[in-house]
Every structure is written in structure tokens, then in C-alpha cells.
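As C-alpha cells, the structure follows; a few thoughts come after it.
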Amino acid sequence: MKYTGAEILIKTLLDEGVDTIFGYPGGAVIDIYNALFDYQDQIRHIRPSHEQGGAHAADGYARSTGKTGVCIATSGPGATNMITGIATAYMDSIPLVCITGNVASHLIGKDAFQEIDIYGVTMSVTKHNFMVSDVAKLQDTVRKAFSIANSGRKAPVLIDIQKDVMQNMFEYEPKPSLPLAETPQFEQNEIEELAEYINNAEKPIIYAGGGVNSANASPELRELMNKANIPAVNTIMTIGVLGPIDQLNLGMVGMHGKNSSNFAIENSDLVIALGTRFSDRVALNTKHFAPDAKIVQVDIDASEMNKNIKVDYAVVGDVKEVLTELLPLIDTKKREAWLEKIAEFKKDDYEAPCCEEQIKPHQLISYVVNELGEDLIVVTDVGQHQMWTAQCCARTKPRTFLTSGGLGTMGFGFGAAIGAKVGNPDKPVVLFTGDGSFTMNMNELKTAVDHNIKTTTIILNNHTLGMVRQWQNLLYNKRFSQTDISHSFDYVKLAEAFGAKGYSCKTVDEFKTAFADSQKQDGPVIIEVLIDQDELVLPMIPAGGTVEDIIME
Amino acid sequence: MKKMRVLSILVKNNAGTLTRVAGLFARRGYNIDTLTVSATKDPKFSKITLTAELDDFETSQLMSQTAKLQEVVSIEELFDHNSVLREILLVKVAVTHECRSKLIEIANVYKGVVVDLSRESMIIELTGKPQKIDAFISVIDNFNIINFCRTGVTAVQR
């Protein structure tokens, strides 16, 4: 039987298991929406206020569920609005299928109304993209997109569909989903050599990145840690993946990571890098990263080998598959001396001072995460609050901490929180944000109200772009250029204007009362908490620095 | 150490593939010196041959990055010792009655062919390894070269 291209698109999406779409209608996608009208009982459609928010929502949905996020935008501005969202997912290797409409084929290249070459524009922020100009190729293209997005190193894929393709008729015979591309194959002798490095090390440290999360390799990693008593540090992409903080799980490494994590890397004799890319926020100074250590790396992406740090041995493969083969070859060891040394490092870890009345970020975040338990999904925007949350959120399960790690996208949070809640309706979702990040995409509060998506947004308001101010404070001679934000903004009224419930708190007691009340509400809430403008994220190793340069006060 | 590398890339013959490859080089900060694209015996595929000044690390980085592109089937580095590398030069030189025969004499040594001749100028076509083209250009440097064009390297492994 023949269907329009738009119907074929929807049918293929359903076949691929899609039940949720974040999209925004428009002229070039009106046919998709016309088809979607008949599938409202099978596909939940969330319309954001802005396509960027829609892409972030699809991203938050994907990060928190492990499924593929799907978003739709119209041609021209709809498509360009999505770009920051696509780039955010690209930098953190999150699988998305992004669908854009384009003008009809006879108008392509004529600078028609709302025409943009989104295929060309998104080439560098997608793993692959397609322009569909023939309805006969639509089903295959959509299936390819899902396979590419989820094969190997995951990433967004964009499909740009010309308007007449969605109107033209073609047969729809459902084909099977395309298999994922085979993961890179490794030889047994590679695993043996890797095991030899690990068995011969006296002071090994595991440095685990987002690839461990993508591969769902958290249990295997924990087994490796336990079997051979190897301590591990995580990047911001791997919060929760190592389980609870204990003797072996040292917590976050890098610019605002724990001293003990950074000193453990510095003093190790072997760094075991798993699914990570030695970014400039961890390997801050590539010439002095783990100076006395051999470095071994496992990653699914061959181009990450030696890219930022020259390694001694590399295995290209899926982290879960490699660890599964590796585990039987690993000797059990006690490593008492090394673990004692790390315990010594922990004594010098930074402890933020506590306060009874004034709200301190770390106390506030710890309070909230304790109240809501380990199923809580924590979402952040980008800036100081992001680092405080990363330091204190105490997540113990994978996919319970969502943040824009690679691109560092202010404005990521609200959309991502919506996506997380839509994907996990039974789990509480809290967004920690700052006044700068929140105002970037606060229009998504409307989305949360419209769809009654219960999220709690806690705005740490210091009336400044805190992280930039911190750099100006510490590194730019206190020249606070263009960072302060006006005090005239009323977040309670703002929430009410959107149809949400808002709170504003100056003290710890006020916050506790507001928070307790907020959790009884049915819809989204925002809680503004006033914090000191000069509150710093500590410890800090400045860009390009080493553990010698740690700033503690 | 940086040196001229010849990379041979087999790609799917789809619209936009060249942009993907060239764009990848540009955004990773590398300059392509020469580039040729041609058909292969299977019309579904094309061959991109490009040269760039790269060190060993840059070469392996770019090769592994390029290999990730969905449209790329394979990529390999070609070397002088295992491949035939060729380039075509067209050079237009202003000539007078006195110097014309001298130039033809030099062109003959390099097995160049005069493909256009007028009272004021001459166009010589020369095929050979890039080094041979370089040498010829340097030898005729004291003539009045109006302009020249090189095709860039194309290559086949032995």
C-alpha cells in the first residue's frame, strides 16, 4: 500500500521503537505534523518553546534512558536553532536522530523562504547527515540514521527532508532495523599485553570517561576495581558510573576535581584510561600528565588513541567487551601501600566551610540529593553551579547525572531536565542552574507547564556569571568586565507568569521550607536561592596547570 | 618531522563526500596542498588523492579521523617506493626569438611537450613525479614565466 513520505517517516520511527519526539512544527514539516495527527496515541510529542530546547530535551532523554533521542525542526531558523543542541550531544557522544524539513526540491538552491543548507551547516557537528530528495529512499535513510547514531562511538545524525518528499507517495513495506556496525575487533594477545601492564603495576589508577557509560560497562569496571584493588577516578561524564564513593572510587578528577584524584594520577605508575579522551579539563598540562606513569588506553574510537596524550599501549574496542575479556587475566592484589598513600592524599582534600544561616552551595546540593535519594536524576547547566553539583551530587548509578561536559552549553539544563523527566516519569528530576544559564533558555519553563512535566529547578543566584567572575577574580586582577547581572529580576513572579510555582530563599531554613513545599506540587517549580557573589569553586587547577598549581582558597 | 604525505582515500561516490573530507582537514587545522578526485572502475566509488605537509603523528591522526567518515571506505598512505606518483604541469612562458630554442631544449631534456606556441609565448606540458616538476620549474625560473598550473598528485600503488 502507498503512503505519503511523512507517513512513511512516522511508520519507520515507530518501527525503530520511537515513542517520544521533541519537535516544533513549521512550514517545511507541516506534512510530518499532519501525519503525526493520526499517531497521537502511539507517539508522545513534546513541543518546546524553542528548537534548541527541543534538541537539549531529546539529548536529556537519551542520556537518562540510553535510548536514541529524536527531535524535529522546520527548515531555516528551526533547523539553525537546533544546532547548539546537536553540537552539545556531538561533543558528549550522545545518540540523536534530528529531523529537519527543507523547502521543496524545485526551490532548493534558490534562496527560497526559510531555506538554509542545514546539511552543509551541520556536517561538522554530526557523525553523519543525509539530505533526502527521493521518497523511495526515505525508509532506508531513517534506518541508516538510527544504526549510525548507535554504532561505535555514539553521536547525533541529521536527516534533512525536502518538503515534496514528505508529500510524495511510495510503498511502505517495513524492513528490519539495520544492525549496528560491528564493534572494533581486538586480539587475545592485545588483552594479554594490557593485563600484563596492569598486573605489573604497583600504583595503578583507572581514569574512566563517558565511554564506560555509553558501553554500559559500569559493572565490569567495578569488578576490575574490586578484583585487583585498583582505585579509579571519574570525569564529569562518568559521575555515578563508579558506584558509591569508597576506598576505591576516588571521585572526580580534573580542573575542579578532588585533590586526591589529581594526586593519585600524578603519583601513579600506570594510568588505565577507559573510554576517555584526556580532555584539556583533565589532562590540563599534557606535558606533565601522570609524569611517572605508563599510560594504557581503551576506546572504541581509534582516532582518540594518542590524540591528546601519547600512550604506551592502546586497545581499540568497546570498553565492556575489552573488560569482559580482561577480567579473567587480572591478578588479585591488595595494594595496601598504594591505597594507604591515597588515603593520605584524601586528608588534604578540600572541604568547603559550612554555615548555619547563609546558604552555601555544597550544603544546599547535598541536602537536596539526600532528600531525594539515589534514583534522583540530577541535571545541570554550565558554570560554577555545575562544578559544585558535580562535586556534591553523590550519584551512585549511571545515567543519573546529566551535564554538558564537552561543549559546556549554558542553557542546556532546562531542556535536558524536561527530556529526562519525560523518559523517566517515575524518578524525581532536579535541575541545578545559575542565574546566567537559567535565563538563557528559561522559556522552556512554558514547555514544562504546558505538558505538566514535574521538574524542580534550583537557581543558585549570585547575580553574576559566576565562573567567568571567578576567573576574573583569580586570574584577571578582579576586573569584573560584563559579568554582573541585575538584581531587579523577580523569579517568583516569573514562575507565576509562566503558570508555575516559584520560591525565593535567602536562608537555609527558608530553603528547607520552600523545598518541602515544592515537592508537594504537581507541576514544575523553580526555587531561587541567593548565594554570595564571591563564592568560589574550589579546588581549582588553572588551565594548563598541574597539581603544583592547585588553588585552595 | 613534517614531510609531504600522499594519502589515497577510497570513498563512496555521493554528493558532499569531498566536502566532508576537505572539511575535516580544514577544521582540524591542516592545509591540503594538492587534491585530485577521480572515478574508479566501480562507479559507486571515487578515489581522492591528496597531499599535505604532515608529521607522523598528524598523519596517523588525520588518517584515523578520516576513516571515521561514513562515506570513506578506506584510506592509505602511499610512498614513493611502493607507488607510482604522477602530476601534470602546464606552464606558459613569455618567449623571444632568442630564447625560444633554449627553452625547447630544456623541455626536451625533461620530456616536456610544447602544446601551444605563439610569437610571444609558449605553453609546455610536462608529466612526471612531483619532484621532477619541481626541478623543471626551478630550471626555467630565469625565463619569464607568465603562469603555470599543476594538477596535483594522482597515484596508484604498485
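Of the cross-linked pairs A:346/A:427; B:102/B:132; A:127/B:132; A:258/A:512; A:144/A:227; A:154/B:44, which ones have a Cα-Cα span greater than 30 Å in the structure shown?
In this structure, A:346/A:427; A:127/B:132; A:144/A:227 exceed 30 Å between Cα atoms.
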Expressed in Å to one decimal, the Kirkwood Rh of chain B from all distinct alpha-carbon pairs is 17.3 Å
Averaged over B:24-30, number of beta-carbon atoms from partner chains that fall within 10 Å: 1
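How many percent of DSSP beta bridges within the range A:361-530 run antiparallel, rounded to 5?
Taking every DSSP beta bridge within the range A:361-530, about 5 percent pair in antiparallel fashion.
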Round to a whole angstrom and tell me the spacing of the C-alpha centers of the range A:1-56 and the range A:296-375. 40 Å
Antiparallel DSSP beta bridges within chain A, as percent of all bridges there, nearest 5: 10 percent
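What trypsin sites (Lys or Arg not before Pro) does the range A:308-348 have in DSSP loop regions with at most 14 other beta carbons within 10 Å?
A:310, A:334
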Kirkwood-based Rg to Rh ratio, the range A:2-171, C-alpha trace: 0.93
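Can you work out the FRET efficiency for the pair residue A:177 and residue B:18, with r the C-beta to C-beta distance and R0 = 35 Å, to the nearest 0.05?
With R0 = 35 Å, the Cβ-Cβ based efficiency is 0.70.
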Averaged over residues of A:128-140, the number of beta carbons from other chains lying within 10 Å of each residue's Cβ is 1
I'd like the antiparallel share, as a percent to the nearest 5, of DSSP beta bridges with both residues in the range A:2-171. 10 percent
For the range A:133-256, one quarter of the surface area of the C-alpha convex hull, expressed in nm², comes to 11.8 nm²
Among A:432, A:311, A:105, pick out the residue whose Cα is farthest towards the positive end of the charge dipole of the protein assembly as shown, where Lys and Arg carry +1 and Asp and Glu carry -1 on C-beta, about the Cα centre. A:105
Per its Cα gyration tensor (rounded if a/c is under 1.5, else prolate when a/b beats b/c, else oblate), the range B:3-78 is best filed as prolate
Cut-off under 5 Å, modelled amide H: who pairs with residue A:44 long-range: A:20, A:21
What shape does the range A:1-94 have by the C-alpha gyration tensor, where a ≥ b ≥ c are the square roots of the eigenvalues, rounded means a/c under 1.5, and otherwise prolate means a/b greater than b/c and oblate the rest? oblate
Overall Cα dimensions of the range A:188-347 - principal axes, largest extent first, Å: 40, 33, 28
To the nearest Å, what is the center-to-center distance of the range A:84-141 and the range A:155-193, using C-alpha atoms only? 16 Å
Quick one: which residues, 5+ away or cross-chain, put their amide H under 5 Å from the amide H of residue B:6? H built at 1.01 Å from N. B:78
Once you charge only the Cβ atoms, +1 for Lys and Arg and -1 for Asp and Glu, what is the size of the charge dipole of the range A:136-271 about its Cα centre, to the nearest 20 debye? 620 debye
Treating only Lys and Arg (+1) and Asp and Glu (-1) as charged, each at its beta carbon, one finds that the range B:84-157 has a dipole about its Cα centre, in Debye to the nearest 20, of 160 debye
Mean residue ellipticity at 222 nm from the helices of chain A, using -39,500 (n - 2.57) per DSSP H segment of n ≥ 4 over the full residue count, to the nearest 500 deg cm²/dmol? -10500 deg cm²/dmol
Among GluC sites (Glu not before Pro) in the range B:50-158, those in a DSSP loop whose Cβ has at most 13 other Cβ atoms within 10 Å are B:120
Relative exposure of B:4, A:552, A:255, judged by other C-beta atoms within 10 Å (fewest first): A:552, B:4, A:255
Checked the range A:183-233 with the C-alpha gyration tensor, a ≥ b ≥ c its square-rooted eigenvalues, rounded below a/c of 1.5, otherwise prolate if a/b is larger than b/c and oblate if not; verdict oblate
Return the average number of partner chain Cβ atoms within 10 angstrom of each residue Cβ along peptide B:60-69. 4
³J(HN,Hα) across the range A:212-218 via Karplus (A = 6.51, B = -1.76, C = 1.60, θ = phi - 60°), whole Hz, x for Gly/Pro? 5, 5, 4, 7, 6, 9, 4
Karplus couplings for the range B:35-46 from phi (6.51 cos²θ - 1.76 cosθ + 1.60, θ = phi - 60°), rounded to Hz, Gly and Pro as x? 8, 10, 10, 8, 6, 10, 5, 9, x, 6, 10, 10
Please give every one of the lysines within straight-line cross-link reach of residue A:421, meaning a C-alpha to C-alpha distance under 21 Å, and leave out same-chain neighbours fewer than 8 residues apart. A:67, A:397, A:446, A:454, A:501, A:520
Two decimals, Cα atoms only, Kirkwood Rh: what is Rg/Rh over the protein assembly as shown? 1.04
Under a 5 Å amide H to amide H cut-off, with H placed in plane at 1.01 Å, what residues pair with residue A:551 once short-range neighbours are removed? A:540, A:541
Given A:498-505, A:458-465, B:8-15, the highest-first ranking by average Cβ count within 10 Å works out to A:458-465, A:498-505, B:8-15
Treat the count of other C-beta atoms within 10 Å as a stand-in for reagent exposure and order A:385, A:362, B:81, A:288 from fewest to most. B:81, A:288, A:362, A:385
Cβ density ranking, 10 Å radius, fewest first, applied to A:205, A:300 yields A:300, A:205
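Rule-based calculations on the coordinates, nothing more; no lab input. No experiment lies behind these values; they were computed from the predicted model shown. Methodologically, a virtual Cβ is constructed for each residue, glycine included, from the backbone with ideal geometry; neighbour enumeration extends over all protein chains shown.
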